[in-house]
Each structure stands twice: as C-alpha cells, then as structure tokens.
Amino acid sequence: MINPVYSPVSDRYTNGIRYRRCGRSGIQIPEIALGLWHNFGDVNPLTNSFEMAHYAFDHGIVHFDLANNYGPSYGSAEETFGQIMKKSFAPYRDELFISSKAGYDMWPGPYGEWGSRKYLISSLNQSLKRMNLEYVDLFYSHRFDPNTPLEETMQALVDIVRMGKALYVGISNYPAKAAAFAYKYLRDRDVPCLLHQCRYNILNREPETEGLLDQAQENGVGFIAFSPLAQGLLTGRYLDGIPADSRMAQERFLKSSALTPQLHASLLKLNEIAARRGQTLAEMALAWCLKDSKVTSVIIGASKVSQIEDDFKALENISFSPEELAEIDALVV
Ligand SMILES: NC(=O)c1ccc[n+]([C@@H]2O[C@H](COP(=O)([O-])OP(=O)(O)OC[C@H]3O[C@@H](n4cnc5c(N)ncnc54)[C@H](OP(=O)(O)O)[C@@H]3O)[C@@H](O)[C@H]2O)c1
C-alpha cells in the first residue's frame, strides 16, 4: 500500500504549545524541541522516525535539532530527516526551525572535527545535502576548540550566514570565557549569537553554577537545554530496572554504572514529588527546566511517540512552590 501523503493537523499551533523568544532576536521557538541524536539513525525503523516527527509537528514542535554525526551511522539522522523533509515536510519548510552542528568527530583526518573554517563549512555543505535543505535555520559550533583561534571559528559562522547557508548561528558547550568572546565577536559583525546550547537538568546544574544562564541573558542570547531528562534517567524508565529497549541497555552514551543505588533512591523520591504534582517524572523534569525564563527551550529525545506525548504534557504546569524546589534540591544537590 502506498502511504498517504502527510497532512498536519490544523490546530497544531493552538493545542497547548507555547513559544519563547531567543534572547534579543526576532525568533521564537517552541518550549519543547525534538532532538534527533538517538533513534533516527539508519539502525532505527524509519516508520517510527516519521511518526515521531509527524507527532511533534502536529503539536507545534517546529524546532528539530540535529548534528552532522547523529546516527548511528554518522550522518544518518540527517539523511532520515532529509527523507522526512522530502516526503512530509517540504510544503511546510517555512514553518520549521531546523538546526544542525559541527564540532565533534565526523570524518577521518585533520579536517573532520573541531573548529576550523575548513571543517565547519564543508560539514555544513554535507549536512544540507543529506537533509534536502537549501539552508538551515540555525548552525552551531558544537564545541569550543582550544587549538583553533576562536576568531577563525566565529568568522566561519559569520560567513556561513553571509553565504545564505544558515539564517542564524549559535554555540554549544562553550565555557563562559569563550562564550563571552563569541558573543562579542558575532555581535560586532551584526550576526548575533542566537542560542547557547548546553546540558541542563535537575541532576546537572552546570549552566547555573558556571553562570552560563545569566551570561546568555545579559548578552541577549537565548539558552536551550539539551538532555533535560538526563538521557532518560529523569523519567520512569529506570525506576524498576533497565528495560531491554532503553538507551542504558545499549551501554553507549548512558552507562548502567550511572544508576548508582543512591541515584536510584533519589529518582524514586523525585518520582513521588512528581506524582504529588500530578505529573510523571519526565513531565516534572522538563517543567523544572522551563520554570526559569532564562531557559528558552528544552530539546528532548524520544524513542517512541508515547514519550513525546507524555513530555508535551509538562507544559501544563511549569510552576513550582519554594518548598518543592527545596525538596528537589535536597535530593540531588
Ligand atoms: N549540543 C550537544 O552537545 C548535545 C549533546 C546531547 C544532546 N543534544 C541534543 O539534545 C537532544 C536531546 O538529548 P537526549 O536524547 O539526551 O535528551 P533527553 O530528553 O534527556 O533523553 C531522551 C531519552 O529519554 C527517554 N524518554 C524521553 N521521554 C520519556 C518519557 N516521557 N518517558 C520515559 N522515557 C522517556 C528516552 O529514552 P529511551 O531511548 O531509552 O526510550 C529518550 O531517548 C539530542 O537529540 C540532541 O539534539 C545536544
């Protein structure tokens, strides 16, 4: 049977989604974005990837976050997204906000990672082909490169915008000092940094303690949190063991050694707090990030539609009492 052509639901912008402005810019992005780091590679069932992308767009989740090496194999998440673009999303290109990145290992040899102009520009050219796109909405330097002059990396971002290959640029995983340099360099060339993307969740407070949240706000830059569910730890997934189909069972990016008895005990207690709030642990974990107006958005990952459905419900209650916050802090900080 030929699959019917995808037709998005008409109430996709009014069924609960909200948008926040990225710093001092004209761009608003949904409070929840969908990331394609896991579960969209060529090892994953394509129909499931299509279903998750459709579900997201049908709920106003118009921001899809990728990187050159998401898969596995490297590049294959972008290829999957390219197929979704071609078969489903092409008529809606202008409703979408698509980001990609370069910085980590992508191809062998001296030009396949880090922050040179050579790597960033050739990587983006490859990404555009894989994704069937003429431009990305946002292109990130995926990590700070201590061995390349930051001027070179930032000038490559400026030129990428001037060439029309990206509408906006951002940085990811930059320490505060390098971020300060980047913000100024880009602002001085009228290509202001749109977003800083970092890991931030109940268990990982570095953007707070390192001052990255305040710094982004002071510079008119948005902040977007990745792994807001700590790769699944902050969900119901690991409360009763390690499911065979979970990320932890793969022992790649999330190791079973992370689930110490102490953390497991904290997760059970966090789950109780969530239940009192009438939320799942995943919903509460996302709400916890979004309670702070300095956080523009959270990028979730998912392996099935039902997870996105659950995560989306987080938006129904993102406020916390001081007592709840103190209780959460006491469990994890
Ligand atoms: N800039 C960077 O360096 C960087 C680094 C990492 C990630 N990112 C971006 O951030 C995105 C998200 O990262 P992440 O995948 O680590 O995010 P995450 O949202 O913390 O974790 C996603 C995982 O949590 C589980 N999950 C999600 N919702 C659930 C629910 N309602 N109930 C139960 N389990 C649930 C799923 O695990 P299972 O797969 O086990 O079902 C899912 O794959 C990436 O796709 C990428 O775009 C960027």
Shape verdict for segment 165-207, please, from the Cα gyration tensor: rounded (a/c under 1.5), prolate (a/b greater than b/c) or oblate. oblate
Note to self, the chain gives a 222 nm [θ] from helices alone (DSSP H runs n ≥ 4, -39500 (n - 2.57) apiece, / all residues, nearest 500) of -11000 deg cm²/dmol
Taking only complete DSSP H runs, can you tell me which helices of the chain stretch 27 Å or more along their own long axis by Cα positions and average at least 0.0 on the Kyte-Doolittle scale? none
Ignoring GluC sites (Glu not before Pro) buried by more than 12 other Cβ within 10 Å or outside DSSP loops, the longest site-free run in the chain is 1-133
Give a residue-ordered list of calculated ³J(HN,Hα) values for segment 212-219 (Karplus: 6.51 cos²θ - 1.76 cosθ + 1.60, θ = phi - 60°; whole Hz; x for Gly, Pro). 6, 5, 5, 4, 4, 4, 4, 9
Report the chymotrypsin sites (Phe, Trp or Tyr not before Pro) located in segment 249-333 that are in a DSSP loop and have at most 15 other Cβ atoms inside 10 Å of their Cβ, or state none. Phe253
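Label segment 206-331 by shape, choosing from rounded, prolate and oblate, from the square roots a ≥ b ≥ c of the eigenvalues of the Cα gyration tensor; if a/c is under 1.5 it is rounded, and otherwise prolate applies when a/b is larger than b/c, oblate when it is not.
On the way: a/c = 1.56, a/b = 1.38, b/c = 1.13.
Prolate, since a/c reaches 1.5 and a/b exceeds b/c.
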Name the long-range amide H neighbours of Arg199: under 5 Å, sequence gap of 5 or more, or other chain; modelled H, no Pro or chain starts. Phe226
List every residue whose amide H lies under 5 Å from the amide H of Tyr140, counting only residues 5 or more places away in sequence or on a different chain, with H placed 1.01 Å from N in the peptide plane. Ser100, Lys101, Ala102, Gly170
When the chain is treated as a Gaussian network with springs between alpha carbons less than 10 Å apart, the largest mean-square fluctuation among Leu270, Leu36, Leu66 is found at Leu270
Phi-derived 3J(HN,Hα) across segment 143-149 with the Karplus relation (6.51, -1.76, 1.60, θ = phi - 60°), rounded Hz, x for Gly and Pro, is 7, 5, 10, x, 9, 9, x
Listed by chain and number, the lysines with an alpha carbon less than 27 angstrom from that of Lys313, same-chain partners under 8 positions apart left out, are Lys269, Lys291, Lys294, Lys304
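Taking loop as defined by DSSP and a crowding limit of 13 other beta carbons within 10 Å, which trypsin sites (Lys or Arg not before Pro) in segment 210-284 fit?
Values: sites: Arg237, Arg247, Arg252, Lys255, Lys269, Arg276, Arg277; in loops: Arg252, Lys255, Arg277.
When the trypsin sites (Lys or Arg not before Pro) of segment 210-284 are filtered for loop state and at most 13 Cβ neighbours within 10 Å, Arg252, Lys255 remain.
Bear in mind that the values in this text are calculations on the coordinates, not laboratory data. Quick caveat, the model's predicted, so the values are computed rather than measured. With ideal geometry, Cβ positions are generated from the backbone for all residues, glycine too; neighbour counts draw on all protein chains shown.
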